[in-house]
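One structure is given below, encoded as structure tokens.
The values are calculated or read from the model by the stated rules, or taken from the named source; none is laboratory data. Computed from a predicted structure; not experimentally measured. Here the Cβ is made from the backbone with ideal geometry for all residues, glycine too, and neighbour counts use every protein chain on show.
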Amino acid sequence: MSEAIGYELIGDIAVLSAQNPPVNALGLDVRQGLVDGMARAENDGAKAVLIYGEGRTYFAGADIREFGKPPTGPFLPDVCTRIEASPLIVVSALHGTALGGGLEIALGSHYRVAVPSARVGLPEVLIGVMPGAGGTQRLPRLIGVDASVDIITSGRQVGAKEALELGILDRVEDGAPRDIGLAYARELIDSGAPRRAISEMAAPQAVDFDALYDVVLKKSRGMIAPAKAVRGVQACCELPFDQGMIRERELFMELMASDQRQGMIHAFFSERAVGKLPELKGVEPRDLNAIGVIGGGTMGAGIATSALLSGLSVVMLEMSPEAAEAAKGRIEGNLGGALKRGKLSQAQFEDLTTKALTLSTDYSALGDVDLVIEAVFEDMDVKKTVFTQLDAVCKPGAVLASNTSYLDINEIAASTNRPSDVIGLHFFSPAHVMKLLEIVVADKTAPDVVATGFALGNRMKKTSVRAGVCDGFIGNRILSTYRTCADHMILDGASPYQIDKALTDFGFAMGPFAVADLAGLDIGWAVRKRKRAEGLDPRARDSSYADKLCEDGNFGQKTGKGYYVYEAGKRAGVSNPDVMPLIEAERAEQGLTSREFADDEIVRRYMAAMVNEAAKVVGEGIARRPLDVDVTLLYGYGFPRYRGGPLKWADMVGLPELLADIKKWAEEDDYFWQPAPLLEQLVAEGRTFDDLNKESA
Ligand code: 3H9
């Protein structure tokens with residue numbers, strides 16, 4: 001018998017216990033162990049079989065590391081069928097997360113009991129596939145079409161209480177899974193309960209599946225797996241069980257072969273890998289109980305909110321009592337949202353806003369905090385003044401962090417006598433909502449300060465990515481390049497609206513011009529002014545039509561007008577009729593001739609600019625691995641998850657093709673389209689970005 005499944009005979013009950021940490025994934029050994037265990041139980045004359053998981057969970061699903069490799073039997077659908085077909089009574093006792101193939105094993109069992117904290121679900125669509133071991137055939141027979149389609153197409157986890165109400169579970173009981181499972185099995189044997197195979201139950205009535213397919217496809221914004229899964233449920237209603245299983249397998253295998261599956265599984269493993277840095281192995285973070293936030297605007301208030309929600313106490317420093325009160329109002333507004341959604345009780349809300357939050361206008365109030373984050377105006381002199389004062393008042397060992405989006409952390413650190421305590425913590429607005437945190441490591445930042453940054457990110461439930469110092473770090477540096485590419489296409493004939501549409505069709509949450517309106521056009525304006533003041537390279541193409549929008553006071557959503565015009569309270573706008581005349585005037589002034597752009601060319605150029613800059617960011621060591629770039633773009637810049645991130649996407653479309661495009665476009669503009677040395681090297685060596693990820697693992 002495989003070691004991944006333990007076997008024990010307790011009286012007339014055979015106990016199969018999964019022993020495949022950390023999450024009892026259903027790899028080959030586990031599947032083989034289950035098949036062998038069932039045969040052994042039958043040979044041993046048992047009357048019932050109990051299946052449960054040792055450690056933190058029942059089976060959390062198929063072993064996703066096996067996906068994409070040649071499959072080896074016994075296959076999971078056959079394992080479920082084997083369990084269900086047994087003449088013995090099979091009970092599964094669930095704890096932790098019974099997900100995907102895990103729930104499918106439980107559905108192959110005849111009875112299901114769970115502890116109250118257990119959660120069940122079929123999250124396959126979240127990794128680009130669909131249930132492939134009977135989930136779409138058994139679940140609807142048990143709980144009907146509507147509830148099954150909801151669970152399968154959303155991939156959400158269902159708590160034990162709801163699962164009991166829906167009929168997925170037969171009972172919920174406190175206790176160790178093994179104990180409650182054994183007691184249930186005993187009771188079933190003693191009461192002469194029958195075997196109960198879901199596959200033998202009647203299928204539910206069919207609904208209008210074509211309409212349902214269309215609804216789910218539209219809701220999934222480019223992701224194909226949820227809609228395919230609807231076809232699986234349709235097969236349950238329209239075909240006998242065995243044929244339904246065959247249809248489910250076909251659909252599952254189609255998704256398995258898709259780029260979307262590759263992209264989403266890459267995202268799954270990358271978001272877990274970003275926090276694992278060899279340099280932090282064995283490095284203990286510093287203590288974190290109280291933090292200070294300097295500046296209570298939208299960003300500072302968001303950071304403070306996130307800190308309060310993660311159990312830290314916060315000292316908010318502002319310039320005046322009025323500004324401090326306004327900051328408190330913003331924080332209360334943010335926390336009010338959590339209160340409304342039931343994430344906070346009224347008592348917790350009161351505690352956070354009165355006891356855990358302190359307002360001050362005096363730097364000495366920061367004397368005892370463990371970490372300070374400044375979120376003041378983006379100006380080097382202002383930042384240096386703040387850090388000089390922090391250096392004077394903060395206790396030894398306090399971490400001094402800047403939330404700057406692009407300024408040089410080395411220069412900021414040099415304004416203190418403790419540069420090893422200085423780090424960049426770049427949050428994304430609104431900071432209590434956005435999941436991304438860039439942890440910017442300067443030349444002298446101490447390893448335990450970096451570890452403290454990651455510890456803070458974990459505590460705030462952020463996805464933290466390590467970045468090096470450069471203008472814009474990982475995310476904003478790459479953004480600046482692909483945004484410039486979009487500006488060039490505008491000068492050459494595309495419109496902001498065509499570009500936004502082409503990119504949302506590609507899968508971005510928003511196009512670059514809608515994003516600019518959301519962020520505020522004044523931000524880009526300030527950057528352009530700074531860069532012009534620093535001196536643009538004479539070969540760089542520049543444009544000023546967007547400055548004209550700003551000069552007229554149009555800063556995007558916050559003023560109701562930018563590239564789009566917004567009705568009060570609405571987030572989506574309509575094209576601003578003033579924009580195209582400004583663009584046309586600019587083209588005329590520069591003597592440019594407009595040409596047509598196909599949507600496909602817009603996407604190729606935009607993506608090539610993004611990938612090329614990302615390759616420079618990796619090549620220069622600003623991002624340690626390609627996957628760090630992918631996670632940054634996925635979590636902070638609306639990149640479609642099902643495409644895995646820009647560098648995973650690049651691997652899938654082919655690096656030689658991308659490089660060839662870049663070289664072709666360099667014939668018209670060899671300043672902007674300078675191929676990244678790393679991209680050229682990978683193409684020359686026939687390797688991919690993912691090869692670099694693997695080498696660094
Ligand atoms: C499926 O079942 C298809 C079938 O329908 C049909 C097949 C024919 N495989 O997330 P954590 C690793 S599709 C391999 O940090 P948590 C994970 O990488 C599958 N490895 O812990 C990490 O490794 P490391 C359907 C897996 O407590 C470690 O376990 N199931 C798998 O925050 C701990 O994970 C899913 O999609 C796996 N399936 O969350 C469930 N799962 O330590 C996916 C985890 O080396 N998993 N690992 O970095 C999850 O949602 C979460 O991991 C879970 C635990 C909620 C289980």
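Structure data summary
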item	result
Pairs where the first residue, in segment 640-651, is part of a helix (DSSP H, G or I) and the second is among the β-branched types (Val, Ile, Thr), C-beta under 6 Å, 6+ apart	Pro646/Val611; Leu647/Val629; Ala650/Val611; Asp651/Thr688
Residue within segment 200-216 that is surrounded by fewer than 17 Cβ atoms within 10 Å (Cβ to Cβ), of a type in the set (D, E, K, R) and under 25 Å from Ala257 (Cβ atoms) present	yes
Considering residues of segment 68-85 that are within 12 Å of the ligand (Cβ to nearest atom) and among the aliphatic types (A, V, I, L, M) only, the residue farthest from Ile13 (Cα to Cα)	Leu76
Odd one out for Leu28 among (1) touching a Pro at 6+ places or on another chain (Cβ under 9 Å); (2) over 22 Å from Ala98 (Cβ atoms)	(2)
Residue check, Ser402 touching a Lys or Arg at 6+ places or on another chain (Cβ under 7 Å) and within 22 Å of Phe427 (Cα to Cα)	yes
Looking only at segment 49-62, and only at residues there that are under 19 Å from Val35 (Cα atoms) and among the β-branched types (Val, Ile, Thr), the one that is farthest from the ligand (Cβ to nearest atom)	Val49
Residue in segment 86-102 that is more than 13 Å from the ligand (Cβ to nearest atom), more than 30 Å from Leu217 (Cβ to Cβ) and out of contact with any strand residue (DSSP E or B) (no Cβ under 8 Å at 6 or more places or on another chain) present	yes
Those strands (runs of 3 or more DSSP E) lying entirely in segment 403-511 with at least 1 residues surrounded by fewer than 21 Cβ atoms within 10 Å (Cβ to Cβ)	463-468
The one condition in (1) outside any loop (DSSP other than H, G, I, E, B); (2) away from the ligand (no atom under 12 Å from the Cβ) that Arg65 fails to fulfil	(2)
Extreme residue, surrounded by the fewest Cβ atoms within 10 Å (Cβ to Cβ), among residues of segment 103-118 that are more than 8 Å from the ligand (Cβ to nearest atom) and within 16 Å of Ala25 (Cβ to Cβ)	Ala106
Criterion (aliphatic (A, V, I, L, M) and under 19 Å from Tyr7 (Cα atoms)) met by exactly one of Val91, Val129, Val120, Val125	Val91
Residue match in segment 604-611 (condition: part of a helix (DSSP H, G or I) and farther than 16 Å from Cys485 by Cβ)	no
Sole exception among (1) at pLDDT 90 or above; (2) on the phi > 0 side of the Ramachandran plot for Met510, by number	(2)
Residue satisfying all of: in segment 513-529; modelled with pLDDT of 90 or more and closer than 12 Å to Gly638 by Cβ; surrounded by the most Cβ atoms within 10 Å (Cβ to Cβ) among these	Ala514
Counted residues, segment 134-158 - those being among the hydrophobic types (A, V, I, L, M, F, W, C) and closer than 15 Å to Lys228 by Cα	4
Residue selected from segment 26-38 under the condition touching a Gly at 6+ places or on another chain (Cβ under 9 Å) and without any contact (Cβ under 8 Å) to a residue 40 or more places away in the chain, by the criterion farthest from the ligand (Cβ to nearest atom)	Gly37
Within segment 145-243, helices (runs of 4 or more DSSP H) holding 2 or more residues that are within 23 Å of His95 (Cβ to Cβ) and aliphatic (A, V, I, L, M)	145-154, 160-166, 177-190
Residues that are in contact (Cβ under 8 Å) with a residue 24 or more places away in the chain and closer than 17 Å to Val515 by Cβ, drawn from segment 539-565	Ala546, Leu549, Cys550, Asn554, Phe555, Gly556, Gln557, Lys558, Gly562, Tyr563, Tyr564
Filter result for Ile198 (within 30 Å of Tyr363 (Cα to Cα) and among the β-branched types (Val, Ile, Thr))	no
Residues within segment 146-170 that are crowded, with 22+ Cβ neighbours inside 10 Å, farther than 14 Å from Leu255 by Cβ and either in contact (Cβ under 8 Å) with a residue 40 or more places away in the chain or near the ligand (Cβ under 9 Å from one of its atoms) (or both), tallied	6
Every residue from segment 119-137 that is closer than 21 Å to Gly244 by Cβ, part of a helix (DSSP H, G or I), within 7 Å of the ligand (Cβ to nearest atom) and out of contact with any Leu (no Cβ under 6 Å at 6 or more places or on another chain)	Glu124
Any chance Thr353 is modelled with pLDDT under 95 and part of a helix (DSSP H, G or I)	yes
Candidates Ala14, Ala41, Ala46, filtered to the one that is assigned to a helix (DSSP H, G or I) and more than 16 Å from the ligand (Cβ to nearest atom)	Ala41
Residue in segment 191-203 that is more than 16 Å from the ligand (Cβ to nearest atom), among the polar types (S, T, N, Q) and over 19 Å from Tyr111 (Cα atoms) present	no
Filtered residue count, segment 35-63, keeping only those that are more than 33 Å from the chain's Cα centre (by Cα) and closer than 24 Å to Phe252 by Cβ	2
Scan of segment 657-685 for residues that are closer than 21 Å to Ala486 by Cα, free of Cβ contacts under 8 Å to residues at least 60 places away in the same chain and assigned to a helix (DSSP H, G or I), ordered by number	Glu657, Leu658, Leu659, Ala660, Asp661, Ile662, Lys663, Lys664, Ala666
Long-range neighbours under 7 Å by Cβ, at least six apart or interchain, first residue under 9 Å from Glu104 (Cα atoms) within segment 131-144, second of a type outside the set (A, V, I, L, M, F, W, C) and away from the ligand (no atom under 11 Å from the Cβ)	Gly134/Gly108; Arg138/Ser199; Leu139/Ser148
Qualifying residues in segment 258-290 (those that are modelled with pLDDT under 95 and in a loop (DSSP other than H, G, I, E, B)) - the one farthest from the ligand (Cβ to nearest atom)	Gly282
Test: residue in segment 82-104 that is closer than 19 Å to Arg231 by Cβ and either basic (Lys, Arg) or part of a loop (DSSP other than H, G, I, E, B) (or both)	yes
Residues (over 17 Å from Leu76 (Cα atoms), out of contact with any strand residue (DSSP E or B) (no Cβ under 6 Å at 6 or more places or on another chain) and β-branched (Val, Ile, Thr)) located in segment 1-57	Ile10
